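Here's the structure, in structure tokens; my notes come after.
The values are calculated or read from the model by the stated rules, or taken from the named source; none is laboratory data. None of these values were measured; they are calculated from a predicted model. All Cβ positions, glycine included, derive from the backbone under ideal geometry; neighbour counts span all protein chains shown.
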Amino acid sequence: MDISTGATVKSHCVGTTAIVYASDYLNKLTGEQIERECRRQLDSGCRALVIDFADTQLVNSIGISILLGIIDIAEKSGAQVVFSDVNNQTIQLFDMLGLTRHVALAKNEQEALSTLSGFNPTLTLH
Amino acid sequence: MSSADFNSRVLTRVPRHDFVGRGDELDRIVKHANAQNGRGLLLLMTPSAGCSELLRQAYDQLFNQQSDIIPLYYAFTRHETTAVSAAIEFLQTVLQQYLAFRRKEPALCRAPITLQDVLELAPSSDLEWIEPLVKMYERIRFSNDNKALVRFCLGAPQRIPVRSGKAFVMFDGAQLADDLNGSVVLGAELLRVFGRSGQSFVIAGLRRQILDSARAAESNFELLDLLRLEQLRSEEAHSLVDHVALRSKVVLSREVRDLLVQQFDGSPFFITNFLQAARDRNLALNTYLDCERLYVDELLGGHIHHHFTNLLEEMAPHIDKRVRLIRVMWEAAASDEKSASVEGWRRRLEVEPAEFENTLHQLHIQEFVNWTGATVDATTGSQTWKDYLRVAYRLAIKADSRALVVAETIADSLKRAPNTMARHYKQSDRIDLRRVVGTFDCQRVPAVLFDYRDFSKTYKGMDEVELQSQIASEANLVKLPQIVHVASCYAFDSGSRKAYEEERCVVAHGFEDGIYTDAQQTVWLIADLESKLEVDLELAKSWFDRLDSLARQNDFQRYRVWLISNEGFDEPAGDLLRQHEAFCSSKRQLEILIQQIGATLAMQPAPVETADEFLMVVPMGEENELLAASAVEQIARRLTFPPQAINQIKTAIVEACINASEHSHSPDRKIYQRFRVESDKLVVTISSRGIMPTNIGSNNAHLSKQESSDSAAEERRGWGLKLIRSLMDEVEFQRVDEGTSLRMTKYLRTS
């Protein structure tokens with residue numbers, strides 16, 4: 001397992017899947033930090049992204065619009081995106097803004113990896 | 001009569017602590033007096049900037065100082081009709097104020113005394129010079145030599161014996177001196193007499209007139225100091241409004257205070273007179289409507305009306321000529337023509353060349369027009385003057401009914417008020433490009449600060465400390481030119497004035513490496529674009545083309561276009577600008593550049609206002625919306641809202657705060673929050689000062705990803721409002737004079 005110790009966003013890789021951890025408040029600043037980390041992971045060869053929201057208590061519309069941008073970037077790179085461990089209130093917001101139409105949701109990180117594994121038979125889990 | 005103490009008010013009309021905004025100028029005058037170096041100080045006043053109280057404050061300070069400096073203040077008034085009568089009045093004032101000072105009796109300055117009273121009141125030690133002076137005056141007065149009489153009277157301060165002190169004379173309203181009838185041009189005579197007296201003195205008046213008089217008197221400018229008196233700066237003018245309103249017991253809101261400052265362009269004269277009019281009518285000024293109603297009353301019949309009417313009557317005593325003058329001036333001002341033919345004006349005014357020249361000179365002195373020989377520009381006067389002129393034109397020329405003029409002028413003023421404030425807030429909120437480029441001075445800075453795409457790729461989302469560190473280690477540097485002149489774009493292309501906001505779009509002339517050769521000469525054309533998200537191709541192209549065309553029109557040989565936007569530029573826009581070798585930067589890049597070159601931002605936070613007990617005030621930015629969310633969480637818990645509802649309220653408040661921060665250009669950078677708890681609901685009101693977004697209250701959320709990428713700016717704005725409406729039970733936008741007020745209600749449901 002490759003663990004990244006980026007200054008602001010935690011992430012690690014499982015094979016060619018990057019798991020990026022969102023912080024407690026998703027706004028412009030933290031959204032851009034996640035975007036930066038996702039770009040970095042894609043540039044270094046990751047083929048799938050899991051963004052984990054286990055710590056996320058509050059999100060705002062700018063943070064959500066940045067998530068949409070990340071989904072676009074991933075699509076252009078041919079990578080899959082899964083959101084994991086999103087609380088009910090946040091899912092409600094994602095639903096309202098149509099985000100859930102463009103991304104798969106998983107109960108937790110493990111389920112996200114399984115989803116991706118099922119979607120992509122070549123994905124290798126370590 | 002009571003003796004003076006240290007704080008006696010002698011001539012001043014307001015106490016020292018209520019005299020605001022001219023502290024530096026007051027110190028300068030008092031220092032000038034105390035220096036006693038025999039120099040003259042010309043106080044050059046912008047029309048309606050007000051200098052009388054400044055001089056009276058200086059007088060009182062010197063009077064209370066009771067040193068060997070004897071302050072003497074004389075104000076020319078419109079009541080004096082001849083140079084001789086003004087000179088006689090001056091002599092009387094000198095003697096009266098001298099006695100008041102010597103006897104330490106401030107009330108003597110204001111007492112109605114005669115020359116005979118002066119002789120009786122004078123201390124015996126002073127009679128030896130006052131008595132001969134009075135006798136000589138009476139002899140010359142009846143000699144029919146006006147010039148000798150005027151010079152004698154003006155020379156009175158020089159006859160004060162050195163052992164009694166040194167006279168320091170301050171003349172106020174000196175522009176009126178030249179309008180006096182008779183064989184003596186008093187303004188020039190003043191400068192001649194005092195310029196040769198060896199005494200320090202002050203002559204204050206309209207700047208154009210004073211300088212003209214000094215040249216006419218062939219003054220030795222090496223012995224004259226100049227002090228320019230402009231309108232008050234915003235913060236000083238705010239303070240003036242607060243002080244005058246308090247003194248006059250006029251209730252007014254912060255919004256009206258700020259509007260007055262902008263509408264009167266910081267003029268102490270207009271601000272003070274306006275508030276006195278409110279006091280006279282016992283009016284509270286709580287809203288823009290209160291303010292503009294009174295303003296229109298003032299234009300049609302109050303202090304402002306009389307001020308301008310008196311000036312016009314002096315320039316054109318005959319009604320026919322005055323009406324023609326109003327017509328010609330208003331039509332020129334309204335047409336926005338900056339260089340009308342002087343001869344054309346003369347024909348339309350139907351006056352002889354000498355009289356016409358005199359009228360034009362007076363208009364120029366009052367700065368109603370700019371007269372430069374063959375052409376005249378009537379577009380330059382203050383907004384208040386133009387409003388007066390328009391009203392006068394409609395009543396006197398068009399013969400519109402008074403009711404119609406009143407109604408339409410109120411309506412126009414009300415429509416203009418939010419735009420006036422919006423323009424001011426935008427200017428306050430902007431980064432001062434002139435100052436930034438003025439600090440370039442051949443410094444080397446990272447090239448990445450001028451290329452948004454490179455910057456975004458490398459630095460976007462980076463931790464601040466790391467960013468600063470990496471910027472500092474950037475190896476690819478560019479050397480900035482030395483800028484020698486900066487002006488607004490519209491100064492180079494007056495035909496497109498509306499396209500350019502004065503401070504957001506500038507042309508900077510300079511030299512590479514500070515070497516003054518043709519080869520090194522360069523021009524930077526810079527625009528700070530307004531956009532909430534990344535600027536797209538269309539907007540970038542239109543601005544590039546506009547500036548490029550401006551450069552070609554002006555035949556700039558080597559030039560560089562630099563576009564700046566808050567959030568940078570999208571990829572196609574960046575590609576286009578790179579292709580044209582234009583620079584493009586986000587506000588963040590500009591801020592870093594400013595740090596690097598040591599310029600200072602113009603944006604200053606407004607002073608903290610006191611919040612009332614029901615209000616929670618949160619500064620914009622710094623994730624402070626979380627503080628508001630946390631506060632409402634505590635309140636909602638007391639009402640036993642379920643966790644999901646609490647989260648919804650929090651999210652709605654966060655969105656409302658972001659909305660207020662993003663759209664308002666708020667002058668105080670604060671968000672005001674009111675929480676009202678009722679038995680079955682929580683009502684939250686979020687408000688901020690600033691500019692009302694044009695699409696406020698709209699509900700145009702774009703839900704599909706494709707649609708949203710087509711209209712990114714609307715998307716983000718729409719999403720915030722969409723969320724608020726979805727999460728709260730009732731949402732209401734309220735229009736106020738400035739800013740937004742958003743009222744959100746969440747009902748407590750028992751289920």
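When you go through B:GLU298, B:GLU313 one by one, which is the residue that is assigned to a helix (DSSP H, G or I), more than 15 Å from B:ALA417 (Cα to Cα) and without any contact (Cβ under 8 Å) to a residue 24 or more places away in the chain?
Exactly one of B:GLU298, B:GLU313 is assigned to a helix (DSSP H, G or I), more than 15 Å from B:ALA417 (Cα to Cα) and without any contact (Cβ under 8 Å) to a residue 24 or more places away in the chain, namely B:GLU313.
Every residue in segment B:431-455 that is assigned to a helix (DSSP H, G or I), hydrophobic (A, V, I, L, M, F, W, C) and farther than 15 Å from B:ASN476 by Cα, please.
Passing the criteria: B:LEU433, B:VAL436, B:VAL437.
Between a residue in segment B:547-566 that is closer than 20 Å to B:PHE440 by Cβ and any residue that is part of a helix (DSSP H, G or I), which pairs come within a Cβ distance under 6 Å, given they are 6 or more apart or on different chains?
Correct list of pairs: B:TYR559/B:ALA551; B:VAL561/B:PHE544; B:VAL561/B:LEU547; B:LEU563/B:TRP543; B:ILE564/B:LEU590.
Given the residues B:LEU108, B:LEU91, B:LEU119, which is the only one that is surrounded by fewer than 18 Cβ atoms within 10 Å (Cβ to Cβ), touching a helix residue (DSSP H, G or I) at 6+ places or on another chain (Cβ under 7 Å) and not in a loop (DSSP other than H, G, I, E, B)?
That would be B:LEU119, the only listed residue that is surrounded by fewer than 18 Cβ atoms within 10 Å (Cβ to Cβ), touching a helix residue (DSSP H, G or I) at 6+ places or on another chain (Cβ under 7 Å) and not in a loop (DSSP other than H, G, I, E, B).
Going by what's in this entry, would B:ARG674 be described as basic (Lys, Arg), out of contact with any strand residue (DSSP E or B) (no Cβ under 7 Å at 6 or more places or on another chain) and modelled with pLDDT of 75 or more?
Judged against the criteria, B:ARG674 is not a match.
Pairs needed: first member in segment B:511-524, of a type in the set (Gly, Ala, Ser); second member anywhere, assigned to a strand (DSSP E or B); C-beta distance under 8 Å; at least 6 residues apart or different chains.
Taking only residues 6 or more apart or on different chains, the pairs are B:GLY514/B:GLN482.
Where in segment A:1-89 are there strands (runs of 3 or more DSSP E), lying wholly inside it, with at least 2 residues that are away from chain B (no Cβ under 12 Å) and over 10 Å from the mean Cα position of the chain (by Cα)?
Strands (runs of 3 or more DSSP E) meeting the threshold: A:2-4, A:11-14.
Given the conditions (1) at pLDDT below 85; (2) more than 13 Å from every other protein chain (Cβ to nearest Cβ); (3) outside any loop (DSSP other than H, G, I, E, B), and given that B:GLU662 satisfies all but one, which numbered condition is not satisfied?
(2)
Any idea which of (1) within 14 Å of chain A (Cβ to nearest Cβ); (2) exposed (fewer than 15 other Cβ atoms within 10 Å of the Cβ) is the one B:ARG453 doesn't satisfy?
(2)
Residues in segment B:518-530: is at least one touching a His at 6+ places or on another chain (Cβ under 9 Å), polar (S, T, N, Q) and in the same structural domain as B:SER473 (by TED's automatic domain parsing)?
yes
Given (1) closer than 22 Å to B:PRO667 by Cα; (2) at pLDDT below 90, identify the lone condition not met by B:LEU590.
B:LEU590 satisfies every listed condition except (2).
Among the residues of segment A:65-91, which ones are more than 12 Å from A:VAL50 (Cα to Cα) and hydroxyl-bearing (Ser, Thr, Tyr)?
Within segment A:65-91, A:SER65, A:SER77, A:THR90 qualify.
So which residues in segment B:241-284 are assigned to a helix (DSSP H, G or I), more than 18 Å from the chain's Cα centre (by Cα) and touching a residue at least 24 places away in the same chain (Cβ under 8 Å)?
The answer is B:ALA245, B:ARG247, B:SER248, B:GLN276, B:ALA277, B:ALA278, B:ARG279.
Return yes or no: is B:GLU350 of a type in the set (Asp, Glu) and surrounded by fewer than 15 Cβ atoms within 10 Å (Cβ to Cβ)?
So B:GLU350 passes the test.
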